[in-house]
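Structure record follows, encoded as structure tokens.
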Amino acid sequence: MTSLLEVSDLRVTHRGSPIVDGVDFKLDRGEALGLAGESGCGKTTTALALMKLLPPALTQSGSMTLRPEGAEEPINLGRRTEAGMQLVRWRHISLVFQGAMNSLDPVQRIDAQMAEAIRLHSDQKGGKEVGRKISDLFKTVGLPVSAARRYPHELSGGQRQRVMIALALCCDPSLVIADEPTTALDVVMQAQVLQLLERLRESLGLALILISHDLGVLGETCDRIAIMYAGRIVETGPVRSVFDDPQHPYTKLLLDSLPVIGGERGLAPPIPGAPPDPGSPPEGCRFRPRCPYAKDECLADPPLREVAKGQSAACHFAPWKKWPDPRAAAAAGKKA
Amino acid sequence: MSGRWLAGKAAAAVVTLVFVIVFNFFLFRVMGDPTTQFTRIPNITPTELADLRSDYGLDKPLLTGQFVDYIGDTASFDLGTSQRSRRAVWTEIKDALPWTLLLVGVGTLLATLIGSWLGVIAATRRGRNSDNGLLGFSLFTYAAPEYWIGIILILVFAFWIPILPAGLQMTPGVEFSSWVSEVTDVAEHLILPATAMTLMLLGQYFLIMRSSMVDVLTEDFITVKRATGLPWDRVVSRHAVPNALLPLVTLSAIQFGAVVGGAITIETIFSWPGLGELTFQAINDKDFPVLQGVFLVFSAGVIFANLLADCLYFYLDPRVKAD
């Protein structure tokens with residue numbers, strides 16, 4: 001079976017500094033991939049690069065191939081021009097943005113904004129047909145149909161995020177990219193929106209790329225997860241395996257920093273240091289300066305390679321059978 | 001809801017107007033006794049002076065006499081008599097107002113349209129040569145005094161290349177055969193002052209529109225609209241411009257009110273018989289009743305324009321209704 005989306009060696013640079021530095025991944029039809037990492041690690045940039053929506057100051061390269069259902073030939077996104085991308089956007093890939101507050105035009109009614117997107121990609125020109133489509137979508141995402149006649153500011157944050165999801169579905173895409181879709185919402189709304197995404201994915205056979213810094217959110221929703229650090233994927237694999245048995249020190253420390261419900265009280269250990277400046281990345285492994293297990297080998301760039309079934313990590317010492325205590329390892333590393 | 005909102009705004013406008021009327025009365029009392037300028041006439045006798053005072057009602061007590069008379073007269077549109085022309089101030093204003101509205105209306109309209117259009121162009125080409133060029137041009141016209149621009153226009157288009165009249169609103173002493181030729185004649189006279197007016201206002205509209213567009217273009221919904229596959233020019237025209245227009249509407253309505261009074265220099269330079277020139281002459285002649293009248297009209301213009309801006313905003317921005 002061929003995958004829906006294949007990305008290889010995706011690079012985004014800003015005046016020569018790498019923001020995204022050689023990202024490869026595959027996504028199957030109907031699969032949910034989680035993209036995790038600290039702020040500024042290149043998650044959102046990767047998402048925007050997939051739709052070629054980066055601001056002009058950023059340049060991107062690499063190949064991206066999309067094979068949507070029913071398309072005779074694969075779509076080579078990397079080679080598409082702006083006009084060509086306009087046909088792909090929303091028709092095949094749509095986007096749910098972070099910050100539902102500002103994702104809709106504040107001075108236009110919601111149904112007008114949805115009708116605009118629907119008319120762009122289909123022959124449905126009739127007002128009735130479009131209207132029926134909009135009310136169907138509103139029912140699907142659990143909103144009253146009357147909300148379509150409203151302006152964005154008249155809805156709550158959760159309702160607006162539902163509108164965004166309805167908007168993302170209005171051209172029956174095969175892939176939805178959700179960039180921090182729940183960040184601006186309270187916990188109850190978060191759970192509802194995630195459940196909605198999950199349900200839609202199952203019923204519509206959507207593929208989903210879910211971007212979040214919240215590992216809990218990704219763990220609940222995704223099949224596979226990719227951990228990004230400083231513009232690179234450092235570990236990827238099935239969610240369960242990565243969470244239960246991480247194979248990259250960054251993943252390991254990230255998971256350790258999560259508080260455990262019912263566990264010992266106290267502050268979770270933070271990862272010391274800060275992500276590198278993309279203008280002058282460290283030599284070799286990007287995580288080396290912050291890694292308690294770093295050794296001389298780490299001055300050479302570690303490739304992302306399969307270390308367990310379906311699980312890959314970019315670390316010279318993977319697979320890790322047992323994780324030494326990070327503090328002891330760091331102390332030993334300093335002495336050596 | 002919207003009716004109450006409008007009623008509230010209108011009530012606030014009326015209160016402001018009443019304040020202006022009261023303030024206007026005391027402003028001219030503070031300036032001193034208007035009859036003192038007649039004392040410069042040699043050989044004036046104290047009896048004649050006293051007669052003058054009683055003619056103008058200046059012998060009455062300030063609050064119970066003069067102020068009450070003033071409020072009553074103002075309410076019935078009697079703004080007194082011009083000391084220079086001996087005509088009613090209200091008639092003078094009525095004759096001048098249409099000319100000012102014509103000049104200011106055309107100038108504001110052109111400046112708004114051209115300024116915002118150039119602002120959109122500059123914002124979408126931010127940092128490029130065309131943006132820098134437009135920015136330089138608009139800062140120049142914004143900084144240059146409008147009377148200087150007016151003089152340069154007269155010099156070039158009425159003197160060096162004499163294709164346009166240097167002043168007045170129409171050719172004097174001509175019997176027009178039809179209204180078409182009359183309108184054409186007025187239009188010819190309007191070109192230069194309206195150009196000066198447009199150049200004077202253009203820079204502000206350009207700068208406001210440009211910065212407003214630059215702000216809007218960084219909003220998330222612009223990226224979302226692009227993500228839906230909407231071509232860039234339609235993202236700009238359908239979503240960015242309507243949002244960016246909001247601050248411009250306020251500016252242009254408020255400016256319209258302010259510029260009714262601010263056209264003084266341009267009207268003087270082009271001998272345009274509007275309120276500005278009327279004001280200029282009244283100042284020269286110390287014609288207090290006329291000044292008091294035009295001040296009232298200028299204030300009423302600003303207040304009315306603000307009310308208009310509120311109404312426009314209400315119509316353009318659905319969020320205003322919620323508040």
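Of the helices (runs of 4 or more DSSP H) lying entirely inside the stretch B:62-150, not one is found with 3 or more residues being of a type in the set (Lys, Arg). Of the helices (runs of 4 or more DSSP H) that lie entirely inside the stretch B:166-268, those containing 1 or more residues that are more than 14 Å from chain A (Cβ to nearest Cβ) span B:179-217, B:241-262.
Just one of the numbered conditions (1) touching a Lys or Arg at 6+ places or on another chain (Cβ under 8 Å); (2) farther than 28 Å from residue A:310 by Cβ; (3) surrounded by fewer than 16 Cβ atoms within 10 Å (Cβ to Cβ) is not true of residue A:69: (2).
If you go through the stretch A:10-29 and keep only what is surrounded by 17 or more Cβ atoms within 10 Å (Cβ to Cβ) and assigned to a loop (DSSP other than H, G, I, E, B), you end up with just A:29.
Each row is one residue, and each column tells you yes or no for (1) in contact (Cβ under 8 Å) with a residue 60 or more places away in the chain; (2) surrounded by fewer than 15 Cβ atoms within 10 Å (Cβ to Cβ).
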{"residue": "A:264", "(1), (2)": "no, yes"}
{"residue": "A:269", "(1), (2)": "no, yes"}
{"residue": "A:281", "(1), (2)": "yes, no"}
{"residue": "A:288", "(1), (2)": "no, no"}
{"residue": "A:297", "(1), (2)": "no, yes"}
{"residue": "A:304", "(1), (2)": "yes, no"}
{"residue": "A:319", "(1), (2)": "yes, yes"}
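Residue check: residue B:52 meets all listed conditions (1) closer than 22 Å to residue B:294 by Cβ; (2) among the hydrophobic types (A, V, I, L, M, F, W, C); (3) surrounded by 14 or more Cβ atoms within 10 Å (Cβ to Cβ) but one, namely (1). Checked against (1) touching a Pro at 6+ places or on another chain (Cβ under 7 Å); (2) at pLDDT below 90; (3) not charged (D, E, K, R), residue B:313 passes all but condition (1).
Would you be able to say whether some residue in the stretch A:15-22 is of a type in the set (Ser, Thr, Tyr) and modelled with pLDDT of 90 or more? Talk me through it step by step, then tell me what you get.
From the stretch A:15-22, those of a type in the set (Ser, Thr, Tyr) are A:17; that's our starting set.
Next, from what is left, pick out any that are modelled with pLDDT of 90 or more: none.
Scanning the stretch A:15-22 turns up no residue that is of a type in the set (Ser, Thr, Tyr) and modelled with pLDDT of 90 or more.
The test for being out of contact with any His (no Cβ under 9 Å at 6 or more places or on another chain), surrounded by 20 or more Cβ atoms within 10 Å (Cβ to Cβ) and within 30 Å of residue A:89 (Cβ to Cβ) does not hold for residue B:216. Every listed requirement among (1) within 14 Å of another protein chain (Cβ to nearest Cβ); (2) under 21 Å from residue B:229 (Cα atoms) is met by residue A:151 save one, (2).
Being out of contact with any helix residue (DSSP H, G or I) (no Cβ under 8 Å at 6 or more places or on another chain) and not in a helix (DSSP H, G or I) narrows it down to one residue among A:292, A:259; which is it? Write out each step before concluding.
Numbers: A:292 fails: out of contact with any helix residue (DSSP H, G or I) (no Cβ under 8 Å at 6 or more places or on another chain).
Every option except A:259 fails the conditions.
Here is a yes/no grid of residues against (1) in contact (Cβ under 8 Å) with a residue 60 or more places away in the chain; (2) loosely packed, with under 11 Cβ neighbours inside 10 Å:
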residue	(1), (2)
B:21	yes, no
B:32	no, yes
B:66	no, no
B:79	yes, no
B:97	yes, no
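Say whether the condition of being away from every other protein chain (no Cβ under 14 Å), within 24 Å of residue A:228 (Cα to Cα) and modelled with pLDDT under 90 is met by at least one residue in the stretch A:57-66. Scanning the stretch A:57-66, I find no residue that is away from every other protein chain (no Cβ under 14 Å), within 24 Å of residue A:228 (Cα to Cα) and modelled with pLDDT under 90, so the answer is no. Please determine whether any residue of the stretch A:210-219 is outside any loop (DSSP other than H, G, I, E, B), in contact with an Asp or Glu (Cβ under 7 Å, 6 or more places away or on another chain) and either crowded, with 21+ Cβ neighbours inside 10 Å or on the phi > 0 side of the Ramachandran plot (or both). Scanning the stretch A:210-219, I find at least one residue that is outside any loop (DSSP other than H, G, I, E, B), in contact with an Asp or Glu (Cβ under 7 Å, 6 or more places away or on another chain) and either crowded, with 21+ Cβ neighbours inside 10 Å or on the phi > 0 side of the Ramachandran plot (or both), so the answer is yes.
Within the stretch A:94-109, can one find any residue that is away from chain B (no Cβ under 11 Å), small (Gly, Ala, Ser) and touching a residue at least 40 places away in the same chain (Cβ under 8 Å)?
First pass over the stretch A:94-109, keeping only residues away from chain B (no Cβ under 11 Å): none.
No, there is no match, as no residue in the stretch A:94-109 is away from chain B (no Cβ under 11 Å), small (Gly, Ala, Ser) and touching a residue at least 40 places away in the same chain (Cβ under 8 Å).
Which one is surrounded by the most Cβ atoms within 10 Å (Cβ to Cβ), of the residues in the stretch A:173-196 that are part of a loop (DSSP other than H, G, I, E, B) and among the acidic types (Asp, Glu)? Don't jump to the end; show me each part of the working.
We begin by selecting, within the stretch A:173-196, every residue part of a loop (DSSP other than H, G, I, E, B); these are A:173-174, A:180-186.
Filter again for among the acidic types (Asp, Glu), leaving A:180, A:186.
Details: A:180: 19, A:186: 10.
It comes out as A:180.
Of the residues screened, residue A:166 is one that is over 14 Å from the mean Cα position of the chain (by Cα) and either assigned by TED's automatic domain parsing to the domain that holds residue A:255 or of a type in the set (A, V, I, L, M) (or both).
Please verify whether residue A:242 is part of a helix (DSSP H, G or I), under 22 Å from residue A:8 (Cβ atoms) and of a type outside the set (Asp, Glu), treating the condition exactly as stated. Considered against the rule, which asks whether it is part of a helix (DSSP H, G or I), under 22 Å from residue A:8 (Cβ atoms) and of a type outside the set (Asp, Glu), residue A:242 comes out as yes. Looking across the stretch B:269-323, the residues that are within 14 Å of chain A (Cβ to nearest Cβ) and in a helix (DSSP H, G or I) come down to B:312, B:313, B:314, B:315, B:316, B:318, B:319, B:320, B:321, B:322.
Report yes if residue A:318 is at pLDDT below 85 and assigned to a helix (DSSP H, G or I), otherwise no. Can you show your working first?
Values: at pLDDT below 85: yes; assigned to a helix (DSSP H, G or I): no.
Considered against the rule, which asks whether it is at pLDDT below 85 and assigned to a helix (DSSP H, G or I), residue A:318 comes out as no.
Please determine, by comparing only the residues of the stretch A:72-87 that are within 11 Å of chain B (Cβ to nearest Cβ) and farther than 20 Å from residue A:9 by Cβ, which one is surrounded by the most Cβ atoms within 10 Å (Cβ to Cβ). I'd like the intermediate steps shown before the answer.
Quick first cut of the stretch A:72-87, residues within 11 Å of chain B (Cβ to nearest Cβ) only: A:82-87.
Checking the rest, the ones that are also farther than 20 Å from residue A:9 by Cβ come to A:82-84, A:86-87.
On the way: A:82: 10, A:83: 8, A:84: 14, A:86: 20, A:87: 14.
Filtering the stretch A:72-87 for residues that are within 11 Å of chain B (Cβ to nearest Cβ) and farther than 20 Å from residue A:9 by Cβ, the one surrounded by the most Cβ atoms within 10 Å (Cβ to Cβ) comes out as A:86.
Across the stretch A:110-121, the qualifying residues are those that are hydrophobic (A, V, I, L, M, F, W, C) and within 7 Å of chain B (Cβ to nearest Cβ), and the one among them that is surrounded by the most Cβ atoms within 10 Å (Cβ to Cβ) is A:117.
The values are calculated or read from the model by the stated rules, or taken from the named source; none is laboratory data. Remember, it's a predicted structure, so these values are computed and weren't measured experimentally. Reconstructed Cβ throughout: ideal geometry from the backbone, glycine too, with neighbour counts over all protein chains shown.
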